[in-house]
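In what follows, a single structure is set out as structure tokens and then discussed.
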Amino acid sequence: MSAAGGSVLALDEAPNPWFDGGYVTDNWDTIMGYLGEHVRLTVGAVLIGAAIALPLAVVARRSRFLAGPVLALSTIVYTIPSLAMFAFVFPFTGLSAETVLIGLAAYSLVILVRNFLTGLQGVPDDVREAARGMGYGPLGLFWRIELPLALPAFMAGLRIATVSTVALTTVGVLVGHGGLGQLITGGFNANFYRAEIVTGAVGCVLLALVADVLLAGVERLVTPWARART
């Protein structure tokens with residue numbers, strides 16, 4: 001009986017550090033696999049969200065009547081709980097990464113639509129009139145004049161949406177595709193294994209920081225005039 005009691009005591013007093021380099025080394029392939037999934041889901045969701053948000057912002061910019069409904073719709077989508085969102089998508093995509101991807105893309109719209117619309121609305125009307133006077137049609141006006149001038153706001157929206165999506169991707173653990181979030185829930189399920197939880201959490205933070213720095217660099221490259229003004 002004393003031996004059994006000693007085993008229980010030894011188990012309870014087993015080291016459970018907040019960070020363990022040995023855990024990272026021993027599980028490197030698994031961590032990289034989750035990281036890769038996290039990156040794919042984040043990038044895919046933001047790209048899909050941007051592809052949907054841009055035409056919505058253009059429509060809202062050209063029609064004041066539709067601006068309110070477009071912004072309201074994107075906001076309403078964002079208020080849907082992730083569990084309910086996955087439940088809506090599940091019958092079509094099942095327990096797959098696509099289920100998480102669709103949900104994340106929908107959540108990104110509230111940020112992207114507003115920032116894209118703000119960028120387009122920030123283009124001065126006299127600049128548009130001057131471009132029309134030079135013979136620019138609607139398509140040329142958008143691609144050659146409005147889009148370049150709206151890029152700073154567009155990039156700001158992409159940066160915010162990307163960082164937000166990095167954090168939101170972890171909710172994908174509900175359907176088994178949460179990227180680094182799988183480590184966090186795995187640590188809780190493993191009798192609160194701190195090293196696994198911290199590895200997942202720190203990985204998310206670092207990924208968000210790296211993504212933001214990279215997008216900031218892209219912004220500086222594509223908007224040199226904005227850098228010159230500062």
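The values are calculated or read from the model by the stated rules, or taken from the named source; none is laboratory data. Everything quoted here is computed from the prediction, not taken from an experiment. So basically every Cβ, Gly included, is an ideal-geometry build from the backbone, and we count neighbours across all protein chains shown. Remember, those area values only see protein heavy atoms, side chains included, never the ligands or the DNA or RNA. Shrake-Rupley method; radii C 1.70, N 1.55, O 1.52, S 1.80 Å.
Could you say whether any residue in the range 51-60 is out of contact with any Pro (no Cβ under 8 Å at 6 or more places or on another chain), open to solvent by 60 Å² or more (accessible area, probe 1.4 Å) and closer than 30 Å to Val202 by Cβ?
The answer is no; no qualifying residue exists.
Could you tell me which numbered condition Thr118 fails, if it satisfies all but one of (1) in contact with a helix residue (DSSP H, G or I) (Cβ under 6 Å, 6 or more places away or on another chain); (2) open to solvent by less than 60 Å² (accessible area, probe 1.4 Å)?
The number of the failed condition is (2).
Taking into account only those residues within the range 74-98 that are of a type in the set (A, V, I, L, M, F, W, C), part of a helix (DSSP H, G or I) and touching a residue at least 24 places away in the same chain (Cβ under 8 Å), which is surrounded by the fewest Cβ atoms within 10 Å (Cβ to Cβ)?
Of everything passing the filter in the range 74-98, Leu83 is surrounded by the fewest Cβ atoms within 10 Å (Cβ to Cβ).
Quickly run through the range 125-147 and pick out the residues that are of a type in the set (Gly, Ala, Ser), open to solvent by less than 60 Å² (accessible area, probe 1.4 Å) and in a helix (DSSP H, G or I).
Ala130, Ala131, Gly140
For the range 6-31, which residues satisfy the criterion of being modelled with pLDDT of 75 or more, polar (S, T, N, Q) and assigned to a helix (DSSP H, G or I)?
Of everything in the range 6-31, those that are modelled with pLDDT of 75 or more, polar (S, T, N, Q) and assigned to a helix (DSSP H, G or I) turn out to be Thr25, Thr30.
Pick out the one residue from Ala216, Ala150, Ala161 that is more than 21 Å from Tyr107 (Cβ to Cβ), open to solvent by less than 20 Å² (accessible area, probe 1.4 Å) and assigned to a helix (DSSP H, G or I).
Ala150
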